[in-house]
1. Of the residues 272, 294, 306, which single one is open to solvent by 80 Å² or more (accessible area, probe 1.4 Å), of a type outside the set (Phe, Trp, Tyr) and either under 22 Å from residue 216 (Cα atoms) or in contact with a strand residue (DSSP E or B) (Cβ under 9 Å, 6 or more places away or on another chain) (or both)?
2. Restricting attention to segment 216-223, does a residue exist that is of a type outside the set (Lys, Arg), open to solvent by 20 Å² or more (accessible area, probe 1.4 Å) and assigned to a strand (DSSP E or B)?
3. Would you call residue 169 open to solvent by less than 40 Å² (accessible area, probe 1.4 Å), among the small types (Gly, Ala, Ser) and assigned to a helix (DSSP H, G or I)?
4. List the pairs whose first member sits in segment 158-171 and is in contact (Cβ under 8 Å) with a residue 60 or more places away in the chain, whose second member is among the basic types (Lys, Arg) and surrounded by fewer than 21 Cβ atoms within 10 Å (Cβ to Cβ), and whose Cβ atoms are under 8 Å apart, counting only residues at least 6 apart or on separate chains?
5. Name the single residue that is surrounded by the fewest Cβ atoms within 10 Å (Cβ to Cβ) among those in segment 112-154 being under 27 Å from residue 309 (Cα atoms) and in contact with a Pro (Cβ under 9 Å, 6 or more places away or on another chain).
6. Here's a check for you: in segment 96-108, which residue that is in contact with a Phe, Trp or Tyr (Cβ under 9 Å, 6 or more places away or on another chain) and over 16 Å from residue 186 (Cβ atoms) is least open to solvent (accessible area, probe 1.4 Å)?
7. Could you please find all residues in segment 221-235 being free of Cβ contacts under 8 Å to residues at least 60 places away in the same chain and more than 20 Å from the chain's Cα centre (by Cα)?
8. Scan segment 237-250 and tell me whether some residue there is in contact with a helix residue (DSSP H, G or I) (Cβ under 7 Å, 6 or more places away or on another chain) and touching a residue at least 60 places away in the same chain (Cβ under 8 Å).
Amino acid sequence: MWYKPGLRKGACLLVCIWSERGIERQMHCSAVLSKMALTQVSSNKCAGGYQKVYEHESVELQCKMKFAVYLPPKAESDKCPVFYWLSGLTCTEQNFITKAGAQQAAADNGIIIVAPDTSPRGCGIEGEDESWDFGTGAGFYVDATEEPWKNNYRMYSYVTEELPKLINSNFAADPDRMSISGHSMGGHGALVCTLRNPGRYKTVSAFAPICNPIGCPWGQKAFAGYLGADKSTWEAYDATVLAASYDGPKLDILIDQGGDDQFLSSSQLLPDHLIAACSAKKIPVVFRRQPGYDHSYFFIYSFMSDHIKHHAKYLNA
């Protein structure tokens, strides 16, 4: 039984990390036998539930990480589905929880929202703070393979493996009911996580996602730095490429795009490429171009309730 929102008593976690070098695979497993070492950073009553922020030592990223979790009133007495939100360039866990206005809709639909940070921080890597679109705040939800990034910049594995295990072990989360969404770089991450893991997420949506990073300056810079010069390795993190070869359960993708988004006009987002790939594979995409809206959280706030309803339709089915 769950008596109050927050950590479960005596929670444990088994974390398995896979690393591949050549044809060899090494499995490193770390079992935490005592209560999970989560430190509560903040807790605020919100929409009848609690908006909390926690800090923990990440095994994947080898640094302290923060994540935000909204616990709806229903989480006090029952397990709830989980909506994962991935933020965009320069963001932390704070942007979404203070600007998107998602908590009331989450409370109404009995959905937990988890919003992690966008990259490792404070790793002491030379150059990590030199650019706003690479390094700190710009993890691009990949597992880096290049020095000096590969030991810390493993946001894909953090989001798809370590963080869900942490959430399922410590909160009233139903591990069989997950969905994912995000904005810009985070929209790219949400689409990639879904397309690479058929059936894991009940649905996916995105706001102004970077749809074809191989073909845009942001993606080319990040992928070259994190993944190296071999562009064939980039394809594993490109939603347009992944959609073209998708062979999993039926998807229902919702994408909102601001019509006055400066990054749309500068060819950073390339939604037409993804829509064409999905159309060829008969993957349903509801693409809504919203006139007058830009790339900001004012845009996200305006349509967030629609996205929560979209996710609730599948999470609460």
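The values are calculated or read from the model by the stated rules, or taken from the named source; none is laboratory data. These numbers come from a predicted model, not from an experiment. Methodologically, a virtual Cβ is constructed for each residue, glycine included, from the backbone with ideal geometry; neighbour enumeration extends over all protein chains shown. Protein only, heavy atoms only, side chains kept; ligands, DNA and RNA dropped before computing areas. Shrake-Rupley method; radii C 1.70, N 1.55, O 1.52, S 1.80 Å.
1. 272
2. So far as segment 216-223 goes, no, none of its residues is of a type outside the set (Lys, Arg), open to solvent by 20 Å² or more (accessible area, probe 1.4 Å) and assigned to a strand (DSSP E or B).
3. So residue 169 passes the test.
4. Matching pairs, first to second residue: 169/8; 170/8; 171/8.
5. 114
6. 106
7. Once the filter is applied, which keeps residues that are free of Cβ contacts under 8 Å to residues at least 60 places away in the same chain and more than 20 Å from the chain's Cα centre (by Cα), segment 221-235 yields 224, 229, 230, 231, 232.
8. Yes, segment 237-250 contains a residue that is in contact with a helix residue (DSSP H, G or I) (Cβ under 7 Å, 6 or more places away or on another chain) and touching a residue at least 60 places away in the same chain (Cβ under 8 Å).
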